[in-house]
Amino acid sequence: MIKMSLIFVAFGLLLLLAAWFMVPMFLEQPKYKTLKKEGQFEIRSYDDILMSSVRVTGSQYQALRKGFRPLVKYISGKERDGEKISMTAPVIQSTSDRKESFTVSFSMPSKYQVDNLPKSKNSEIFFEKLGSYRAAVVRFSGRANEKLLDLKSNELRQWIEANGYSSVSTAKYLFYNDPSTPGFLRRNEVMIIIDK
């Protein structure tokens, strides 16, 4: 009896791990081509991305949480009229030149354009189109706290410089998994837009 219970528990854990790992793969993501790959570093060419965004302040983690909530309310239709908008991945947190100032964004599904997106009742939410661009990215797992994000941002800047590129943006943090996903299964990235 105990053996059967252990088998069921183990099977349940395997299903949960598979769900954590697989769910982001079923969400629409911005389209890109990998132009260069070196270990965990990549140069990517992205298509246009339409984003719903909100500017927030606070520590990296506080700002991410503060920006996430109104965006979820927007796509779920809780603060506007119209149909629900599908969740996409990743959640994008852009840094700025000002300390503790961030922009948190969701990319919008590709079926939307600025003129057919439902209007938000929250005046803090705005829409922006990021035209096609080239970016350097470093991919890593783990719980992406501020210390790890700073470390990976510095590693990426050094790699960009060593490979003869020039940065044209501040760092963007990309989070592909929900907060309940164990660190070793998480996909995180730091992205910096570079010159073409």
*Scan (1) within 22 Å of Ser167 (Cβ to Cβ); (2) open to solvent by 60 Å² or more (accessible area, probe 1.4 Å); (3) charged (D, E, K, R) for the single condition Arg44 breaks and write down its number.*
(2)
*Kindly indicate whether Phe102 is touching a helix residue (DSSP H, G or I) at 6+ places or on another chain (Cβ under 9 Å), open to solvent by 10 Å² or more (accessible area, probe 1.4 Å) and either among the small types (Gly, Ala, Ser) or not in a loop (DSSP other than H, G, I, E, B) (or both).*
yes
*Answer yes or no: is there a residue in the range 23-39 that is on the phi > 0 side of the Ramachandran plot, part of a loop (DSSP other than H, G, I, E, B), modelled with pLDDT under 95 and open to solvent by less than 80 Å² (accessible area, probe 1.4 Å).*
no
*Scan of the range 134-193 for residues that are of a type outside the set (A, V, I, L, M, F, W, C), more than 20 Å from Phe68 (Cα to Cα), open to solvent by 30 Å² or more (accessible area, probe 1.4 Å) and not in a loop (DSSP other than H, G, I, E, B), ordered by number*: Arg134, Arg139, Lys147, Asp150, Lys152, Asn154, Glu155, Arg157, Gln158, Glu161, Ser167
*In the list Leu64, Leu16, Leu71, which residue meets the criterion of being at pLDDT below 95, surrounded by 10 or more Cβ atoms within 10 Å (Cβ to Cβ), of a type in the set (A, V, I, L, M, F, W, C) and in a helix (DSSP H, G or I)?*
Leu16
_Every residue from the range 107-132 that is open to solvent by less than 20 Å² (accessible area, probe 1.4 Å) and of a type in the set (Phe, Trp, Tyr)_ = Tyr112
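The values are calculated or read from the model by the stated rules, or taken from the named source; none is laboratory data. Here the structure is a predicted model, which is why all the values come from computation and not from measurement. Please note: Cβ atoms are built from the backbone with ideal geometry, for glycine as well, and neighbour counts cover all protein chains shown. Accessible surface areas use protein heavy atoms only, side chains included; no ligands, DNA or RNA. Shrake-Rupley method; radii C 1.70, N 1.55, O 1.52, S 1.80 Å.
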